[in-house]
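Trainee: Below: one structure in structure tokens.
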Amino acid sequence: MKKILSITAFLLFSFTAIFATKITVKVKNFAFSPKTINAKVGDTLIFKWVNGIHNTTSTSVPVGSSSWTSLMDSAHKSFKYIVTNVGLYKFVCTIHAPAMNGTINVTAALSAGLSDVSVNLSDKARAVINWKTKTEKDIAYYSIQRSTDANNFTEVAKVRPSVNANGVQLHSFVDENAANNARYVYYQIMMVDTKGNSELSEIKMVALPAAANKLITSLSPNPVSTSGHLMVQFNADKEGKMLMQLYNGNGKFITETEMTADKGLNNGHFHLGNIPPGNYYVVCTLGTLKEKYAIIVK
């Protein structure tokens with residue numbers, strides 16, 4: 001009996017390994033990108049260093065999972081971790097915590113086989129979410145969830161499976177109410193079966209052309225109460241680098257930093273240094289976009 005159980009476990013692990021996905025997490029700009037990751041049991045997280053001196057360190061993992069810690073710098077450019085259990089994995093860079101943190105949502109792959117998730121724009125600039133399943137058997141519903149920051153999702157609709165449908169099924173949902181004033185909108189699908197088990201899709205993004213082409217979406221805290229730490233969120237239509245320059249109230253240049261940009265909403269951290277209290281401003285430049293913001297240092 002033990003031999004049979006061992007063979008079954010081996011075959012299950014082998015099956016999982018064959019269909020496992022490699023997911024890249026960039027370590028850059030004093031942030032993890034992406035900050036929130038959806039994965040399935042057996043997937044491999046690959047942390048890739050881009051700039052700075054950081055680490056990736058687990059702060060909580062599901063029961064039965066291994067904790068981890070690894071330095072991330074020019075001499076330690078890659079670290080791999082395989083998620084082995086369903087549940088929530090949380091991690092930080094201990095050097096820059098709590099601001100530099102991340103979450104991995106791990107679910108098991110359901111037999112219905114959620115795949116080919118995509119988000120596109122219709123001719124009326126509506127977000128169209130498409131996905132495919134191998135079968136509708138035992139599926140209770142699909143939860144369509146939306147976010148403007150790729151981290152916090154809200155359900156916008158429940159889609160019921162087709163009745164008595166057999167074989168491969170193609171699905172589509174049109175979001176008529178994509179978030180206003182957001183340049184980028186993110187979607188994920190939660191597939192829930194009749195037993196209450198769930199599977200999360202990978203997170204997909206779409207750019208809304210009607211939204212303002214704004215570079216900086218958030219600068220915080222302002223006033224800067226913690227010496228030298230300014231958190232930044234910014235948009236990028238393609239990969240590149242954003243330059244941030246700090247000036248005092250008289251227009252004298254103080255310091256600058258360059259942040260690596262991925263397409264979509266980016267997170268960064270500007271170390272202002274040990275500067276005296278007063279009025280300052282930052283100039284942010286990415287491609288043809290250039291914006292100026294006043295900040296106060298207490």
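The values are calculated or read from the model by the stated rules, or taken from the named source; none is laboratory data. Since the model is a prediction, treat every value here as computed from it, not as a measurement. No Cβ is skipped: glycine too gets one built from the backbone with ideal geometry, and neighbour counts run over all protein chains shown.
Trainee: Of a type in the set (Phe, Trp, Tyr) and within 26 Å of residue 22 (Cβ to Cβ) - does that describe any residue in region 131-143?
Mentor: Step one: filter region 131-143 for residues of a type in the set (Phe, Trp, Tyr), giving 131, 141-142.
Still in the running and within 26 Å of residue 22 (Cβ to Cβ): 131, 142.
So far as region 131-143 goes, yes, one or more of its residues are of a type in the set (Phe, Trp, Tyr) and within 26 Å of residue 22 (Cβ to Cβ).
Trainee: Being assigned to a loop (DSSP other than H, G, I, E, B) and crowded, with 18+ Cβ neighbours inside 10 Å is the filter here, so list the residues in region 155-176 that pass it.
Mentor: Looking only at region 155-176, we keep the residues that are assigned to a loop (DSSP other than H, G, I, E, B), and these are 160-168, 176.
Listed by number, the list holds a single entry, 161.
Trainee: Looking at 186, 281, which is the one that is of a type outside the set (Gly, Ala, Ser), without any contact (Cβ under 8 Å) to a residue 40 or more places away in the chain and either part of a strand (DSSP E or B) or under 21 Å from residue 145 (Cβ atoms) (or both)?
Mentor: Values: 186 fails: without any contact (Cβ under 8 Å) to a residue 40 or more places away in the chain.
The match here is 281.
Trainee: Taking the condition of being without any contact (Cβ under 8 Å) to a residue 12 or more places away in the chain and either assigned to a strand (DSSP E or B) or in contact with a helix residue (DSSP H, G or I) (Cβ under 8 Å, 6 or more places away or on another chain) (or both), how many residues in region 203-250 meet it?
Mentor: Step one: filter region 203-250 for residues without any contact (Cβ under 8 Å) to a residue 12 or more places away in the chain, giving 220-221, 226, 250.
Subsequent filtering for residues that are either assigned to a strand (DSSP E or B) or in contact with a helix residue (DSSP H, G or I) (Cβ under 8 Å, 6 or more places away or on another chain) (or both) retains 220.
Residues meeting the conditions: 1.
Trainee: Kindly establish whether residue 99 is of a type in the set (A, V, I, L, M) and either at pLDDT 95 or above or over 25 Å from residue 261 (Cβ atoms) (or both).
Mentor: Values: of a type in the set (A, V, I, L, M): yes; either at pLDDT 95 or above or over 25 Å from residue 261 (Cβ atoms) (or both): no.
Spelling it out, it is not the case that residue 99 is of a type in the set (A, V, I, L, M) and either at pLDDT 95 or above or over 25 Å from residue 261 (Cβ atoms) (or both).
Trainee: With respect to residue 179, determine if the residue is modelled with pLDDT of 90 or more, among the aliphatic types (A, V, I, L, M), surrounded by 15 or more Cβ atoms within 10 Å (Cβ to Cβ) and not in a strand (DSSP E or B).
Mentor: Numbers: modelled with pLDDT of 90 or more: no; among the aliphatic types (A, V, I, L, M): yes; surrounded by 15 or more Cβ atoms within 10 Å (Cβ to Cβ): yes; not in a strand (DSSP E or B): yes.
No.
Trainee: Looking for whichever is buried (at least 16 other Cβ atoms within 10 Å of the Cβ) and either at pLDDT 95 or above or not assigned by TED's automatic domain parsing to the domain that holds residue 25 (or both) here; the options are 88, 110. Which one fits? Quick ask: steps written out before the conclusion?
Mentor: Details: 88 fails: buried (at least 16 other Cβ atoms within 10 Å of the Cβ).
Criteria check complete, one pass: 110.
Trainee: Please work out if residue 275 is over 19 Å from residue 217 (Cβ atoms), aliphatic (A, V, I, L, M) and over 26 Å from the mean Cα position of the chain (by Cα). Reasoning before the result, please.
Mentor: Numbers: over 19 Å from residue 217 (Cβ atoms): yes; aliphatic (A, V, I, L, M): yes; over 26 Å from the mean Cα position of the chain (by Cα): yes.
So residue 275 passes the test.
Trainee: Residue by residue through region 161-202, note down the ones that are basic (Lys, Arg) and closer than 13 Å to residue 140 by Cα. Reasoning before the result, please.
Mentor: Here is the first cut: in region 161-202, the ones basic (Lys, Arg) are 183, 195.
Once the filter is applied, which keeps residues that are basic (Lys, Arg) and closer than 13 Å to residue 140 by Cα, region 161-202 yields only 195.
Trainee: Would you check if residue 152 is surrounded by fewer than 20 Cβ atoms within 10 Å (Cβ to Cβ) and touching a residue at least 24 places away in the same chain (Cβ under 8 Å)?
Mentor: Details: surrounded by fewer than 20 Cβ atoms within 10 Å (Cβ to Cβ): yes; touching a residue at least 24 places away in the same chain (Cβ under 8 Å): no.
Answer is no for this residue.
Trainee: Please go through region 251-269 and give me each residue that is part of a strand (DSSP E or B), within 19 Å of residue 287 (Cβ to Cβ) and in contact (Cβ under 8 Å) with a residue 24 or more places away in the chain, ordered by number. Before you say what the answer is, go through the steps one by one.
Mentor: Here is the first cut: in region 251-269, the ones part of a strand (DSSP E or B) are 253-261, 264-269.
In the following step, the residues that additionally are within 19 Å of residue 287 (Cβ to Cβ) were identified as 256-261, 264-268.
Once the filter is applied, which keeps residues that are part of a strand (DSSP E or B), within 19 Å of residue 287 (Cβ to Cβ) and in contact (Cβ under 8 Å) with a residue 24 or more places away in the chain, region 251-269 yields 259, 260, 261, 264, 265, 266, 267, 268.
Trainee: Spot the failing condition for residue 191; the list is (1) outside any loop (DSSP other than H, G, I, E, B); (2) under 26 Å from residue 268 (Cβ atoms), and only one is missed.
Mentor: Failing condition for residue 191: (2).
Trainee: Strands (runs of 3 or more DSSP E) wholly in region 49-152 with at least 1 residues that are aromatic (Phe, Trp, Tyr) - which ones?
Mentor: 78-82, 87-92, 127-133, 139-147
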